[in-house]
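For reference, the structure is listed below as structure tokens.
Bear in mind these aren't lab numbers, they're just calculated from the coordinates by the rules spelled out. From a predicted model like this one, the values you see are computed outputs, not experimental measurements. Don't worry about glycine lacking a Cβ; one is built from the backbone with ideal geometry, like all the others, and counts go over all protein chains shown.
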Amino acid sequence: MGWINDNKGIDILVEAMNNIRERLGEFRVLVCGRGPAEESIRKKVTALNLTEFFEFRGWVIGDEKNKSFLETDIFVLPSYKEGLPNALLEAMAYGLPVITTPVGAIPEVIVDGMNGILVNPGNITELGTAILTLFQDNEKRKQMGENARKTILANHDIENSWGKILNALDITR
């Protein structure tokens, strides 16, 4: 869901999926966005014979974005660098458990094991293990997704946020 460049770690996701594909059975990875690393990612997917498992949708907005989130069971963002990614917050708002890295402001939102799983950037084995954990445990996946949504509603919902901002600025209503 966004810019496809070397910092996003999508190449690591491809490697992780290749390593665990025998244990997953049927799966599909949606890659939404465009960017300078897209072609190299597509080539890696082809070289590893993963084309039947990966779907590149390009930029998605509106109904297509909504549809993509609704078709998703797990949101994976294995970035090397981030601020606080909108796509991560959106996925959590949709009630998706997330697997991501503790970079930028992500650890301020993700509590490892509660509303998502944090893995070290570039660690193919950790990423694969995290994906398998959520793929194979429906209850854990569901609970993490619910916790992710609760996190967004409590801390990033516009209704809650405006009140906090007004209180911080000490503006009387």
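Only residues that are in contact (Cβ under 8 Å) with a residue 12 or more places away in the chain, touching a helix residue (DSSP H, G or I) at 6+ places or on another chain (Cβ under 8 Å) and of a type in the set (S, T, N, Q) were counted across the range 32-69, and they come to 1.
Here LEU96 fulfils each of the conditions (1) surrounded by 21 or more Cβ atoms within 10 Å (Cβ to Cβ); (2) in contact (Cβ under 8 Å) with a residue 60 or more places away in the chain; (3) in a loop (DSSP other than H, G, I, E, B) apart from (2).
Scanning the range 44-69 for residues that are of a type in the set (Val, Ile, Thr) and in a helix (DSSP H, G or I) yields VAL45, THR46. If you go through the range 1-23 and pick out every residue that is without any contact (Cβ under 8 Å) to a residue 40 or more places away in the chain and either outside any helix (DSSP H, G or I) or within 20 Å of ALA91 (Cα to Cα) (or both), you end up with 3. When the range 24-43 is examined, which residues are found to be under 16 Å from VAL76 (Cβ atoms) and either of a type in the set (A, V, I, L, M) or not in a loop (DSSP other than H, G, I, E, B) (or both)? Correct list: LEU24, VAL29, LEU30, VAL31, CYS32, GLY33, ALA37, ILE41. In summary, THR72 fulfils each of the numbered conditions (1) within 14 Å of GLU90 (Cα to Cα); (2) part of a helix (DSSP H, G or I); (3) without any contact (Cβ under 8 Å) to a residue 60 or more places away in the chain; (4) of a type in the set (Ser, Thr, Tyr) with the single exception of condition (2).
In the range 69-93, which residue that is surrounded by fewer than 13 Cβ atoms within 10 Å (Cβ to Cβ) and touching a Gly at 6+ places or on another chain (Cβ under 7 Å) is farthest from ASP137 (Cα to Cα)? For the range 69-93, the residue satisfying everything is GLY83. All conditions in (1) buried (at least 18 other Cβ atoms within 10 Å of the Cβ); (2) out of contact with any strand residue (DSSP E or B) (no Cβ under 6 Å at 6 or more places or on another chain) hold for ASN66, with the sole exception of (1).
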